[in-house]
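Structure first, commentary second.
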Amino acid sequence: MLQIDHLTTAKAKVSLDNVSFLFEAGNIYTILGRTGAGKTELLRALMGLNPLINGDIKLDKENITKRPIRDRNMSLVYQQFINYPHLSVLDNVAFPLRRQGKKKAQAQALASTMLTTVGLGDFLHRRPSQLSGGQQQRVALARAMVKQSRILMLDEPLANLDYKLREQLREEFPRLVADNQESVILYTTTEPREAMELGNTMIVMHDGEIIASGPPADLFAHPPTKDTASVISDPPISFISGFVRDQVLYFGEGQLAPSEGLQLPPDGPVTIALRPDAIEPGGAFTAKIGLSEFSGSQTIIHLDFDFGRAIMMVEGIETFKSGDNLSISIQAEQMMLFAPDGRNITLRDN
Amino acid sequence: MLSSKHFFLLPALLTLVAIILFPLLFTVRVSFSSWDVFQSGLDFIGGSNYVRVFADDRFWQSLQRLSLLSIISVSLQYTLGFALALAVWKQVRGGRLLRVLFLIPMMTTPVVMSVIWRTVFHESLGPVNDILSAFGVGPVPWLSSATGAFISVLIVEVWQWTPFMFLLLLAGLVSLPKEPYLAAAIDGAGTWRTFWQVTFPLMAPITIGALIIRLIEASKIMDTVYVLTSGGPGTATETSSYYIYIRGLRDFQIGYSAALSLVYLVIMIISLTIIAKLLLRTLVGKDE
Amino acid sequence: MIKISKFIGPATLLALAVAAATPAMAKDYTQFGIEKDLPGTCSYEATDAKDYSGRSLNVITHAIPVIGEPTALHAEQFAALTGAEVNVVHVPFGDLFQRIMIPFQSDQNAYDVLFYASLWIGDFNRFLEPVPQKYIDSTGMSDVTDSFTGVATWNGEMIQYPMDGDRHYLKYRTDIFDNAEVQAKFLADTGSALTVPETWEDYNKVAAYFNDRDWDGDGELNYGSAEVAKRDDLMFSAFISRAAPYAKHPDVKGGFFFDLETMEPLINSPGFVRGLQLFVDAQKSFPPGGNNFGLGDEIFSFGGGQTLMSYSWDDAYVQANQKDSRIRNMVAAAPLPGAGEVWNRDTGTWDTFATPNRAPYMTWGWSSAVSQMSEEKEMAFDFLCFFANEANAKNDLQIGRFGVNPYRNEHLDVDFWKGQGWEDKTAESYVSTLSDMEESQNRVFDLRVPGVSQFMSSMANGVAEAMAGQKSAQDALDGVAKEWAEITERIGKDRLRAAYANVVKLEDNEG
Amino acid sequence: MNKFYHTLKTLFLLGWSIFVVFPFLWALSTSFKDANAITSGATYIPWVDFEPSTQGWTSLFTNGSQGINIVGPFIDSAAVTLIASLVSLILGTLAAYGLSRFEYRLGFVKNADITFFFISQRIMPPIVLAIPFFLMLKELGALDTIFGLVLVYVALLLPIAVWVMTDFFAGIPKELDEMAMTDGCSPIGAFFRVILPNSVPGLVVAGMFCLIFGWNDFFFAFTLTFTETQLLPVSIVSLNSSVTPWWSLSAFALISVAPLALVAIVVERYMSRGTMSGAIR
């Protein structure tokens, strides 16, 4: 169990601002946030690599805030594939064990087993530089896991891999960390899908703060704030300014009466959030087609409305001509509303 | 608290300070004394040595001469060193042998090589004029005319230190990333344009470092002048450090030479700092 | 018997090995490369009797070979004879002064024995051990000529140990000057007879005439004059030689470089300026690079047969007459050229002399001394005495590159030099030139005062500026005079005057 | 590349090679001459132009009068250079690592200023320090000793080591040290177990510069020794008398150049592997 209270780091481009959280062993926490949200900063602060100006870190009730890095019983896998260039793959993985005081033979045996687990059993005596990027990252992972440390942190471990390797490693990930049942696993990423897929608990960071946390599906369905919604939506969520007057939602020239899916708040300005699934072709609204792009078997279409921009997704590969007009409808039951202070004020009937 | 970061820095820092502090402070103190050949104590004569420095035309001329010499020689070394590095960068027949060969002059002792160069430039018994005369040129007054002596010193400096530039620049070239070259090739840039648009900008940090270090070293030029020309003819090759040497150890005006040295030191630190800033600004386009 | 050759070093080692194997030859010292041991206070035999084993002597001397080589040679012999350890360090001329002075000033007992330029006595005298009476009474010392006893003396006390005698004189090629054909052609071309130059104007003229021609017919061009003209390499001596006859009036007493009374520098007086103008003018008769010639270049140039005339120390002369020399016995010596007009500073006029005024320059020579700080003074003096013993002195005199020149009356013996294979004119002109200088009443000595290096360095710099065409002769020497006045100011007139008085006494023949 | 460029490049390389080699060849030829072969004008090829003599070479191994024995100076030079280089390299590497990884602050003095302080030591002309060093070593009783010279050379070489190694460490990702620490190393342990083994190219370059500047220094070796400790450059100028024995000087020059020519070969090996990337910047 890892508890952090009021972690604050010195002002810099990215810094932590009063971050508190309780991490339970045996869980995989995915930390989602954009670049610069403070994810790496948080991991580094936990590790002791970045100095704190305030706050405490407690591991199993014991305050380890001032403990030297090497005694923290944590491991960290970097985004760049960093291994010890002067050591063989085997010695790389044996390195932390040797530092723990294990005999050479024992350390190498353990390392060898771990490397087999990550699929590198045949590469024990290579140098890291002789491996592919994916293999290098596996070495780094093996080195981090072999220690069986209480906290295993992975800082965007897949970000620098190409697509296919990334998919492959992501799929394998749960199996790879399965042994680390006693550990708290922290996994940062900028990709909402990855975060939702890998984590038991998802933590959303923004501007150096934790702005939301919880089971990924809940968070996705009910993001507590506008910022959270923005961070966890991929493809991006679109925000449109509007207001409610007399139980009618006005935006641009369009307006929407209360419908069965959505209850409108009292009069006042609101921000309307449209995920792509809230927009469907055919309907009362007219939009000008902007860019269209393909993602897997789907087509993403950027639309220009008189009230703003939004994104629509359709199944299959379809070609839309840029500049044409398209009529669409907006599904009220998929719409979310946020108050001017960012609170999620979406209320549904059911 | 003596943390591990002090473990790294302090030994070197304290060693250097211990070795250098006394000489430095001592020099400052001596510069206010009249220490010379018959008066070896530390009396106090105020700033009169400094007053004398500012009226000493020979010193200021030597400084001008030094600036000229070091700027010309360092530019030549840089240009030639870069050209050589580019020439052997890509595979060349016998490339490794050439690389070793090109490095060797830097490894030689300036005092020793200058003795050899003096015989090479000897106007009646040396080979250079002998060979030139076969082409109907000469005899060239290598060491006996002001221009000749200046050029001779330049040649020796270029011979000795171009390898330094060559080494730094070649090491830089070897480690350049490949991608920008691909991009340039796709753009259809020619050799010349690729050099100016890709290679040269990528080499800017190395260039700055190399130029600064060479300027620092070149400004101390002493051994070559000492052996080759003794600052002559007249004062044609008398550089600042050689002049300070004459005043200090030949004439034994220790106090005065200390004042000269300190003035020189201040000027050098200021001008090198300015040069470094200027280089940074022109080559990298930013400060710091 | 071992022949004296340039392979003296290896030969000595070989000989030493032989000596060790045959101790029966104890009284025969030819294995040390001398012809025979000569009787004297510090002969080989006498030195052999001393035992300094386990003790060591540190010696600083000039670079090899001039003085440096004999120092090393005799150190080696001394070590073999007495069992002492003798460490010798060789330093180029330009740095010899500071290498000795820095330890002196900082009370560091670095060297026991010092070989250096005798003119530095003005600076070093405070640190030197007077020569003990028993060495003054030695056989070698009592034969030293008056000039060089004078050079070794400071305030009436002998503090340097004479082991070399130096002066500048003219050297010329007899195969040209005595050649009737050349004489006739010279007369035809110039309208005057070819004679050994009597004045520096003559010297320049003759030099110019013979410059840039192949007059020895070896296929290489020959040149007029080889002179030491490199700024930091003894050029000041050459300049003094040239300027002396114009500036040293036989009837004017009281100082050559300074007016002893006022300690005003005389260096920019018309006599010196004339000397400098002629020096500048002479450059056109130098070999290529000649205005950057050091002493070594001058020796190579004249001694190697490249130039017609030269003036400086004996080295080039001896070099030219060595056994393997191409121009052996084709050279002769003569007094330095003089001046038809001499500046009289008492009257402020140029006085005309029917017989050119000569002012022989008793140029600084090498000398040696023992440091006051030495803890091995006795051994040090024994070493010097041995260095200069009769057998060694004779041996050293014969080797040009050693730079040891006559300083005892016995060295001024025509028969001795003829014994070396020198022919009549070469030997006779040499001995008579040297002897006459001893007798001159108008000698010029070095400026033996504290800070002499500053004065000479400043002068050399001014002369070099004029030679390089950066300044006119007058401007250059005005600049020197100004600097001299400043140096005088810094050193203190009285201190300087006290020292300079020693020199003036010698020059005015009162010493 | 077109033919013109190629020809130009070949000519340039050829010309420069000749320029580089020329003094050595001349010295080689001169080392076999005697006085007569020198005073008769420039000559080049033994037996053809002049009768060779081995005097120049033998004099270097002869004790005493004729020659200078260079064996002693060679050993002294090697000892001083190696010890001073090693000390500078050790201290300089530690300092450079510290400067590249930690923040130091002493009033307004920061890392950049400390680095500048190190490097600025090279601006000082040696003459300035001659007398003070002399007095300092005298007080330490270290004049004319290898120890004294080592002390002075460390001050001379340390800045070079710091300069090269600071740049080198700047090129090694900080994450490597951090990783070592997360893997159980202390900061000092991280340096020795991880960073140092990966710094060989930088150490080679820094070591090379130390060797060059140490081996080639003339001035301090000259001023701070008397008779016991003699370094090579000082021995050679002891031949620089008014009559210069060109033959011995030439032979001497060739011998003193030899050891560092070996260094050139080592350096070239590292250079062509491209591993010096971070070492020089």
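The values are calculated or read from the model by the stated rules, or taken from the named source; none is laboratory data. A quick note: this is a predicted structure, and the numbers were derived from the prediction, not measured. When we count neighbours, we look across all protein chains shown, and the Cβ atoms used for this are built from the backbone with ideal geometry, even at glycine.
The table for this structure:
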quantity	calculated
2 or more residues more than 21 Å from C:Tyr135 (Cβ to Cβ) and among the aromatic types (Phe, Trp, Tyr): qualifying helices (runs of 4 or more DSSP H) within the range C:44-111	C:93-105
Output for the range B:92-125, where each listed residue is surrounded by 22 or more Cβ atoms within 10 Å (Cβ to Cβ) and closer than 16 Å to D:Leu211 by Cβ	B:Leu103, B:Pro105, B:Met106, B:Met107, B:Thr108, B:Thr109, B:Pro110, B:Val112
Options D:Ala130, D:Ala79, D:Ala84, D:Ala95; residue that is surrounded by fewer than 16 Cβ atoms within 10 Å (Cβ to Cβ) and touching a residue at least 40 places away in the same chain (Cβ under 8 Å)	D:Ala79
Residue match in the range C:308-326 (condition: within 14 Å of chain D (Cβ to nearest Cβ), under 30 Å from C:Lys394 (Cβ atoms) and assigned to a strand (DSSP E or B))	yes
Criterion violated by C:Ala72 - all others in (1) closer than 23 Å to C:Arg401 by Cβ; (2) surrounded by fewer than 21 Cβ atoms within 10 Å (Cβ to Cβ); (3) at the interface with chain D (Cβ under 8 Å from one of its Cβ atoms); (4) not β-branched (Val, Ile, Thr) satisfied	(2)
Strands (runs of 3 or more DSSP E) contained in the range A:191-269 and holding at least 2 residues under 18 Å from A:Phe21 (Cβ atoms), under 13 Å from the mean Cα position of the chain (by Cα) and small (Gly, Ala, Ser)	A:209-214
Residue match in the range C:462-473 (condition: at the interface with chain B (Cβ under 9 Å from one of its Cβ atoms), more than 27 Å from C:Tyr407 (Cα to Cα) and β-branched (Val, Ile, Thr))	no
Among the candidates B:Ala146, B:Ala185, residue that is more than 8 Å from every other protein chain (Cβ to nearest Cβ) and surrounded by fewer than 21 Cβ atoms within 10 Å (Cβ to Cβ)	B:Ala185
Verdict on B:Val137 being over 26 Å from D:Ala35 (Cβ atoms) and modelled with pLDDT under 85	yes
Among the residues listed as C:Ser367, C:Ser435, C:Ser453, C:Ser458, the single one being away from chain B (no Cβ under 14 Å) and either over 16 Å from C:Gly150 (Cα atoms) or free of Cβ contacts under 8 Å to residues at least 24 places away in the same chain (or both)	C:Ser435
Near pairs, Cβ below 7 angstrom, 6+ apart or cross-chain, from the range A:298-323 (over 16 Å from A:Ala284 (Cα atoms)) to any residue that is aromatic (Phe, Trp, Tyr)	A:Ile301/A:Phe320; A:Ile317/A:Phe294
Residue satisfying condition, being of a type in the set (Phe, Trp, Tyr) and either more than 9 Å from every other protein chain (Cβ to nearest Cβ) or under 20 Å from the mean Cα position of the chain (by Cα) (or both), within set B:Phe38, B:Phe22, B:Phe54, B:Phe26	B:Phe54
Residue in the range C:373-385 that is more than 30 Å from D:Asp34 (Cα to Cα), of a type in the set (S, T, N, Q) and out of contact with any strand residue (DSSP E or B) (no Cβ under 6 Å at 6 or more places or on another chain) present	yes
Odd one out for D:Leu143, checked against (1) at the interface with another protein chain (Cβ under 7 Å from one of its Cβ atoms); (2) touching a residue at least 40 places away in the same chain (Cβ under 8 Å); (3) in a helix (DSSP H, G or I)	(3)
Count - residues of the range C:42-69 that are more than 14 Å from every other protein chain (Cβ to nearest Cβ), buried (at least 20 other Cβ atoms within 10 Å of the Cβ) and hydroxyl-bearing (Ser, Thr, Tyr)	4
Qualifying positions in the range B:59-90 - surrounded by fewer than 16 Cβ atoms within 10 Å (Cβ to Cβ) and among the charged types (D, E, K, R)	B:Lys90
Filter result for the condition that a residue is part of a helix (DSSP H, G or I) and either within 22 Å of D:Thr244 (Cα to Cα) or at the interface with another protein chain (Cβ under 7 Å from one of its Cβ atoms) (or both), over B:Ile104, B:Ile155, B:Ile151, B:Ile131	B:Ile104
Helices (runs of 4 or more DSSP H) completely within the range C:164-251 that count 3 or more residues being touching a helix residue (DSSP H, G or I) at 6+ places or on another chain (Cβ under 8 Å) and under 23 Å from C:Phe445 (Cβ atoms)	C:235-247
Residue check, D:Ser248 touching a Leu at 6+ places or on another chain (Cβ under 6 Å) and at pLDDT 80 or above	yes
Extreme residue, farthest from the chain's Cα centre (by Cα), among residues of the range A:38-64 that are farther than 26 Å from D:Arg193 by Cα and part of a loop (DSSP other than H, G, I, E, B)	A:Lys61
Number of the condition not met by D:Glu175 [criteria: (1) within 14 Å of chain A (Cβ to nearest Cβ); (2) without any contact (Cβ under 8 Å) to a residue 60 or more places away in the chain; (3) buried (at least 23 other Cβ atoms within 10 Å of the Cβ); (4) in a helix (DSSP H, G or I)]	(3)
All positions within the range A:140-159 that are of a type in the set (Ser, Thr, Tyr) and either surrounded by fewer than 22 Cβ atoms within 10 Å (Cβ to Cβ) or touching an Asp or Glu at 6+ places or on another chain (Cβ under 9 Å) (or both)	none
B:Gly136, sole failed condition from (1) more than 14 Å from chain C (Cβ to nearest Cβ); (2) touching a residue at least 60 places away in the same chain (Cβ under 8 Å); (3) not in a helix (DSSP H, G or I)	(2)
Set B:Ser73, B:Ser114, B:Ser124: member being more than 13 Å from chain C (Cβ to nearest Cβ) and either out of contact with any strand residue (DSSP E or B) (no Cβ under 7 Å at 6 or more places or on another chain) or under 29 Å from C:Asp297 (Cβ atoms) (or both)	B:Ser73
The range C:213-255, residues that are over 19 Å from the mean Cα position of the chain (by Cα) and of a type in the set (Asp, Glu)	C:Asp214, C:Asp216, C:Asp218, C:Glu220, C:Asp251
Residues of the range D:1-51 satisfying the condition of being assigned to a loop (DSSP other than H, G, I, E, B) and either touching a Leu at 6+ places or on another chain (Cβ under 7 Å) or closer than 17 Å to B:Trp159 by Cβ (or both)	D:Ser31, D:Gly41, D:Ala42
When residues of the range D:5-51 are limited to those that are more than 10 Å from every other protein chain (Cβ to nearest Cβ), more than 25 Å from D:Ser238 (Cβ to Cβ) and in contact with a helix residue (DSSP H, G or I) (Cβ under 8 Å, 6 or more places away or on another chain), the one surrounded by the most Cβ atoms within 10 Å (Cβ to Cβ)	D:Phe50
